[in-house]
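Notes for the one structure printed next.
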Amino acid sequence: MGGIAVIAKAAGHRVTGCDANVYPPMSTQLEAQGIELTLGYGADQVGLNPDVWMVGNVVSRGNPLMESILNRGDRYASGPQWLAENTLLGRRVLAVAGTHGKTTTSSMLAWILEDAGLVPGFLIGGVPINFGVSARLGTRADFVIEADEYDTAFFDKRSKMIHYRPRLAVLNNIEFDHADIFHDLAAIETQFHHFVRTIPGSGKLIVNGADPVIDRVLARGCWSAVERFGVVDGWNASVVGRGSFEVFNQGTPMGPLRLELHGEHNLRNALAAIAAAQAAGVDPKQAIQTLARFKGVRRRMELRGTAAGVAVWDDFAHHPTAIATTVSGLRDQVGKARILAVLEPRSSTMKAGLMKDRLPASLEQADRIFCFSANLGWDAAAALAPLGDRARIESDLERLVGVIVAEAQPGDQVLVMSNGGFGGIHERLLASLSIRAGLATGA
């Protein structure tokens, strides 16, 4: 919603917004764009009398402002609906969908198109470091969008991605997630099937060829050309050295790829972006060279700082698959250095405990594990018991910071994983580590 606000302002509208809890990087982005933000959902905000209210999917019936909007008969729309009707109509939409990797892949694709001079618009669920903003209106035909399977609004239970009607779509992977709105994986597959139905016959699908769930979705009906990555008969890569790969398309060498990002998942993201860029008219060799200058996305393996010789990393991982790939990617990068994984199970799916049994395996490559257990409906200590004394559970944030700082040693890598603000734990850790270092030196 913050990204849509940025796009609407760039299109010439006056934009204001309200939310219960806004944290960086979105809060700072809105401030930089001059977008007025009100804390809370007071009914008195109807006095703004806007032309249209854009309603995010966190707003539900009973929300005081929403109730006033309904009682007044004001015009309202979901963010995806407004975007589709006012920004995407008539443009070539390139959508990136899937359970994992959407933000990084769409950021890579937008950067490749930018470097090729296509000046795309984009709406991404994170802040690509190469751009510094999560959204841009753009001045040309192309528009890259992160296509989320989460529902649209309290009055529209279709997935947001159904609204975007792309000509080109990437399907990274499909797993069970969002247990608050989907009963099972089959329900999610149905939404992806509906998404595939919106892609024209003259369009194209770029899909993970190694994902059997995607195969099931396509078997239900596909009317567009399909190109695959991650398989020998499609786009794939062989490892040459650390961070270095040779890219192939159906056995044909396409060039050497150098990535600053680590982990197999980011290599797959890169292959998907290269394939999608080629479908958009960019030479793959140029796309490969461009990705060597891709700096990543804020909150996706972002180094927040180093204090007392301890590095503090921030990542958005909140699903066991994403947690495992994130820890594995950091392990590839830091070798034998100790990894202190700090986890906040914050998403609705994780809070419900539906994937708690998968957490020990996802954290196996970490040396120490710290889990923040506040507001959980399940026993975190019991769930992480297979990790033995490597795991520690804390329900108080200040105490959690204290035990991590006491444990951390020079050379350690503290990996914080949460899809929320986590109480500003990154800054707290760095500040406490700095104080400890100062006391040790008498500074």
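In the stretch 190-220, of all residues being free of Cβ contacts under 8 Å to residues at least 12 places away in the same chain and within 23 Å of residue 270 (Cβ to Cβ), the one that is most open to solvent (accessible area, probe 1.4 Å) corresponds to 212. Restricting attention to the stretch 328-356, the residues that are open to solvent by less than 10 Å² (accessible area, probe 1.4 Å), part of a helix (DSSP H, G or I) and either under 16 Å from residue 408 (Cβ atoms) or in contact with a helix residue (DSSP H, G or I) (Cβ under 6 Å, 6 or more places away or on another chain) (or both) total 1. The set of residues in the stretch 18-68 that are under 18 Å from residue 133 (Cα atoms) and within 22 Å of the chain's Cα centre (by Cα) comprises 22, 23, 24, 25, 26, 27, 28, 29, 30, 31, 32, 33. Reported count of residues in the stretch 132-148, each being in a loop (DSSP other than H, G, I, E, B), at pLDDT 95 or above and open to solvent by less than 40 Å² (accessible area, probe 1.4 Å), is 1. Residue count for the stretch 165-195 under the criterion of being under 22 Å from residue 90 (Cβ atoms) and either among the hydrophobic types (A, V, I, L, M, F, W, C) or at pLDDT below 95 (or both): the result is 4. The sole residue among 14, 61 that is free of Cβ contacts under 8 Å to residues at least 60 places away in the same chain and either outside any loop (DSSP other than H, G, I, E, B) or surrounded by fewer than 18 Cβ atoms within 10 Å (Cβ to Cβ) (or both) is 14. Is the stretch 180-189 home to any residue that is buried (at least 18 other Cβ atoms within 10 Å of the Cβ) and closer than 30 Å to residue 333 by Cα? There is no residue in the stretch 180-189 that is buried (at least 18 other Cβ atoms within 10 Å of the Cβ) and closer than 30 Å to residue 333 by Cα. Sub-8 Å Cβ pairs linking a first residue in the stretch 20-31 that is farther than 23 Å from residue 64 by Cβ to a second residue that is part of a loop (DSSP other than H, G, I, E, B) and open to solvent by 70 Å² or more (accessible area, probe 1.4 Å), at least 6 apart or interchain, are 25/298, ordered by first then second residue.
Okay, residues lined up against (1) of a type in the set (D, E, K, R); (2) in a loop (DSSP other than H, G, I, E, B):
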| position | (1), (2) |
| --- | --- |
| 364 | yes, yes |
| 382 | no, no |
| 388 | no, no |
| 405 | no, no |
| 414 | no, no |
| 428 | yes, no |
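The values are calculated or read from the model by the stated rules, or taken from the named source; none is laboratory data. Predicted model only: the values in this text are computed from it and were never measured. Using ideal geometry, Cβ is built from the backbone for each residue, glycine included, and neighbour counts are taken over all protein chains shown. Please note that ligands, DNA and RNA were not included when accessible areas were found on the heavy atoms of the full protein model with its side chains. Shrake-Rupley method; radii C 1.70, N 1.55, O 1.52, S 1.80 Å.
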